[in-house]
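K.L.:
Please read through the structure below; I'll follow up with questions.
Taken together, the values in this text are just the output of simple stated rules run on the coordinates, not laboratory data. Computed from a predicted structure; not experimentally measured.
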Amino acid sequence: MFETFNVPGLYIGVQAVLALIASRLSKDAEKILTGTVIDSGDGVKKEHCLFYFVSFRVWCAGVTHVIPVVDGYVIGSCIKHIPLAGSDITAFIMQFLRDRNEDIPPEDVKLVARKIKVQKMTTTHFFLIHIPNQILNKQTQTEQFCYVAPDLVKEYSKFDTDPTKFGVYEGEHPKTKKPYRVDVGYEQFLGPELFFNPEIYTTQHAVPLPEVVDATIQNCPIDTRRRLYRVLCVYNIVLSGGSTMFKDFPKRLERDVKRLCKKRFDIQKSRVLTGSNLELKEMEVKVIQHRMQRFAVWFGGSMLGSLPQFFEMAHTKAQYNEFGPSVARNNPVFSGI
């Protein structure tokens with residue numbers, strides 16, 4: 001990067017930490033870099049590099065990562081993931097459309113599935129992060145169909161008793177310009193349901209996202225957990241990525257994690273001896289969302305790069321010229337310790 005792009009400095013950051021920085025936009029967020037980050041999109045960022053306000057990310061196949069962060073440092077041994085992300089939801093919706101033999105041009109099937117899945121994007125988001133106008137005009141044409149249902153059985157019943165619940169997507173053939181209509185039914189809530197009931201899509205992974213989140217926090221080192229419980233008394237869960245922006249996704253996740261905590265609390269409470277002075281405090285769960293959630297990692301990197309002390313944390317070109325590529329293996333933050 002120093003030789004090809006001639007950047008003045010380089011900083012390599014972990015996506016979870018940058019997402020936590022971006023979560024400070026939320027008024028409900030804690031002002032310390034401690035929390036559990038759920039990062040899910042069509043693909044997940046493997047690393048994020050900053051070149052003094054110029055950034056890039058490396059992507060891999062669709063995976064949702066659950067990453068615990070304490071005081072700005074990732075607990076790598078406790079990271080968990082599920083092999084489901086936005087691309088799987090798109091494939092799931094495509095399968096629904098094909099099974100119903102919807103009259104869609106073959107070359108448009110994936111595009112229609114993505115537009116049924118994707119949330120509506122506002123112009124405010126793009127102006128904040130300076131996306132070019134040609135991309136802005138393209139992205140704001142998306143529609144909103146998918147949402148997270150609190151109860152599958154009740155949601156099926158609503159659709160069966162109220163036909164107005166079914167939606168219609170209208171498209172146009174890219175070559176013949178002939179319009180076509182697509183009925184949008186149960187896939188509106190079954191698409192995002194993959195995160196909470198993955199067995200409806202695959203048999204290779206059957207652990208719901210809330211259980212993965214809870215297991216990640218419980219697997220953290222005991223001294224870290226004690227400190228988290230004593231200081232915050234909260235499961236601080238931060239969402240990052242486009243696949244976490246479905247309507248009511250934070251509410252469903254928070255509810256399910258709370259149920260797991262409540263179940264464990266009741267078990268522990270039943271083990272307390274009668275007459276004991278030991279008092280157990282039930283854990284509070286808080287899922288944080290904010291307006292830059294879709295671009296949380298990118299925006300967090302931008303916020304970090306805007307700090308005056310950022311230049312003290314980055315590798316400079318002068319250091320690269322003196323020591324070579326090995327500078328990337330050292331963290332300037334620890335240089336004074």
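K.L.:
List the pairs from K110/K262; K178/K251; K175/K251; K117/K154 whose alpha-carbon separation is above 31 Å, in the order I gave them.
P.N.:
K110/K262; K178/K251; K175/K251
K.L.:
Can you run phi through the Karplus equation (6.51, -1.76, 1.60; θ = phi - 60°) for the stretch 293-304 and list ³J(HN,Hα) in whole Hz, with x for Gly and Pro?
P.N.:
Working through the residues one at a time gives 4, 4, 10, 4, 5, 4, 5, x, x, 5, 5, 5 Hz.
K.L.:
Over the Cα atoms of the stretch 65-115, how large are the radius of gyration and the largest Cα-Cα distance (Dmax), in Å?
P.N.:
When restricted to the Cα atoms of the stretch 65-115, Rg and Dmax are 17.7, 53 Å.
K.L.:
By how many nm would the segment from I222 to I12 lengthen if fully extended, with 0.36 nm per residue of separation less the alpha-carbon distance?
P.N.:
Gain in length upon complete extension: 72.7 nm.
K.L.:
Long-range amide H contacts for Y180: which residues qualify at under 5 Å (H placed 1.01 Å from N, peptide plane, sequence gap of 5 or more or a different chain)?
P.N.:
Residues meeting the criterion, in which the H sits 1.01 Å from N, are G171, E172, H173.
K.L.:
Could you work out how much longer the chain between T203 and E312 gets when fully extended? Use 0.36 nm per residue separation minus the Cα distance between them, nm to one decimal.
P.N.:
34.4 nm
K.L.:
Work out the P(r) tail for the stretch 154-267: percent of alpha carbon pairs separated by more than 21 Å, whole number.
P.N.:
Of all Cα-Cα distances in the stretch 154-267, 57 percent exceed 21 Å.
K.L.:
Same structure, new question: Enter the mean projected area of the convex hull around the alpha-carbon atoms of the stretch 156-197, in nm², rounded to one decimal.
P.N.:
Details: hull surface 15.9 nm².
About 4.0 nm², averaged over all directions.
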